[in-house]
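Heads up: the structure comes next, in structure tokens.
Rule-based calculations on the coordinates, nothing more; no lab input. Worth saying up front: this structure is predicted, and the values here are computed from it rather than measured. Here the Cβ is made from the backbone with ideal geometry for all residues, glycine too, and neighbour counts use every protein chain on show.
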Amino acid sequence: MKICHVINSLNRGGAETHLLDLITEQNKNGYLIDLIVIGEDSRNIISLEAKFSNMGIRIERLKGPRMFNLFSYIKLYKIITRNRYKVIHSHQPRSDFMIYFMKKYIKDFRWVVSVHGKYDTYLESRNFSNKFKKRFMLSLANYWGKSDAIIAISDAVRDWVLNLNNNLKPMVIPYWVDQTHLNSKYAPKTDISIGFLGRLNKNKGIEDLLEVFNDIQDENINLKIGGHAEESYLQYLNKISLEEKRKNIHFLGYVNNRKKFFDSIDIFVFPSFSEGLGLVLLEAMSFSKICLTRDISPMNEYLTDESGYLFINNNQMLNCLEEAIKDFRHDTNKIKSKLFKIEEVVKKSSVASIFPLIEKVYSYE
């Protein structure tokens with residue numbers, strides 16, 4: 001089967017990482033795959049282009065980054081008509097809109113949409129941008145009705161899609177994670193490293209985490225923060241941290257070696273306010289890390305009080321973090337029980353159980 005994936009860029013994020021995993025598996029199973037990228041990759045974030053190229057995947061770049069560039073549509077039309085794909089799988093709103101437009105003029109391909117998040121809930125500092133995003137998503141939800149299949153990556157994303165357009169019929173197919181790093185071995189320790197990984201912005205809750213860390217009265221706790229941030233925002237994050245705490249806070253920048261990062265921490269905190277799935281939380285669990293996350297869907301569908309610690313506000317985050325630190329040092333049975341529950345969840349998120357679901361979506365049955 002000849003498949004084409006379309007995505008905004010190849011800068012590493014949840015959607016891009018999943019696409020890499022998906023194409024890797026499709027490549028193993030003998031699919032013929034092309035990849036169309038709307039625009040250039042940001043220089044500040046690691047690009048996955050080399051990983052796709054090393055698999056022999058042909059990558060076509062359009063005249064991006066904006067989806068309203070006429071030359072992008074002309075090139076996209078030529079690529080699709082020349083290659084006669086059986087399936088075109090779009091990822092992210094700009095890509096969805098462009099394939100919707102192509103579908104008006106080219107009928108002989110199956111269009112699959114993956115919705116990787118609750119897009120209009122990832123609010124920015126600019127009100128105009130937020131208002132435009134919400135209006136655009138209402139229109140896009142109608143365009144999704146022209147697709148042949150819609151994949152939502154979690155129940156929360158499915159419900160969000162239906163709230164935009166209840167005539168749609170999205171099916172939930174989550175991401176999978178590597179199972180090879182699961183390791184339930186655990187030994188109590190005094191010096192504890194707390195970790196956060198993700199793009200540094202207000203939506204991810206990084207400001208809340210730093211404010212809570214200010215209130216931890218323990219010299220033997222350090223905080224490792226991985227992820228890209230604009231220089232001005234990084235300066236702001238430094239300002240909200242107490243001067244006496246800064247020596248225990250380590251901003252790592254973009255983390256390329258994720259195994260090295262997870263091996264270096266004991267407790268992972270994910271305070272994001274809105275996620276489609278929260279892949280990095282699931283990834284932390286796949287490294288058998290004790291995790292704390294905000295008690296909202298979909299994160300609380302993966303992590304519960306039995307397998308981790310849930311919080312709503314900063315006071316609860318502080319209480320949970322202090323409890324997790326105390327448990328990690330002194331309550332071996334409790335930590336081992338949580339690690340066992342984590343392993344059960346991760347094993348349900350295997351490629352063997354999830355990839356066949358995507359194959360069914362691609363079929364014409």
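Here are some notes:
- Each of Asn256, Ser154, His5 was placed along the dipole of the chain (beta-carbon charges, centred on the mean Cα), and the one lying farthest toward the positive end is His5.
- Residue-span extension gain [Ser42 to Asn220] - 0.36 nm each, minus C-alpha spacing: 60.4 nm
- Segment 121-219: radius of gyration and largest Cα-Cα distance (Dmax), Å: 20.0, 57
- Placing R0 at 30 angstrom, the Cβ-Cβ distance between Thr304 and Thr180 gives a FRET efficiency of 0.80 after rounding to 0.05.
- In Hz, Karplus ³J(HN,Hα) per residue of segment 33-45 (6.51, -1.76, 1.60; θ = phi - 60°; x = Gly, Pro): 10, 10, 10, 10, 10, 5, x, 7, 8, 5, 6, 8, 10
- Legend: ranking of residues Arg12, Arg82, Arg110, Arg58 from fewest to most surrounding C-beta atoms inside 10 Å; resulting order Arg82, Arg58, Arg110, Arg12.
- For the chain, taking Cα atoms only, Rg and Dmax work out to 21.2, 65 Å respectively.
- Where labels lie 7 Å past Cα in the beta-carbon direction, separation of Met1 and His330 in nm: 5.6 nm
- Between the Cα long axis of helix 70-83 and the first principal axis of the chain there is an angle of about 70°, rounded to the nearest 10.
- Once the C-beta distance of Met171 and Asn314 is scaled by a Förster radius of 45 Å, the resulting FRET efficiency is 0.80 to the nearest 0.05.
- For the pair Met55 and Tyr233, the difference between a 0.36 nm per residue extended length and the Cα-Cα distance amounts to 60.5 nm.
- Cα gyration tensor, segment 263-352 - rounded (a/c under 1.5), prolate or oblate: oblate
- Exposure proxy ranking for Tyr362, Tyr254, Tyr105, based on other Cβ atoms within 10 angstrom of each Cβ and starting from the fewest, stands as Tyr105, Tyr254, Tyr362.
- Cα pair distances of segment 192-347 binned at 5 Å [whole percent]: 2, 9, 21, 24, 23, 15, 5, 2, 0
- Backbone phi angles across segment 194-205, fed through the Karplus curve with coefficients 6.51, -1.76 and 1.60 (θ = phi - 60°), yield HN-Hα couplings of 9, x, 9, 9, x, 5, 8, 8, 4, 4, 6, x Hz in residue order; Gly and Pro are listed as x.
- Within segment 203-227, backbone nitrogen closer than 16 Å to the virtual label 7 Å beyond the Cα of Leu252 toward Cβ: 222-227
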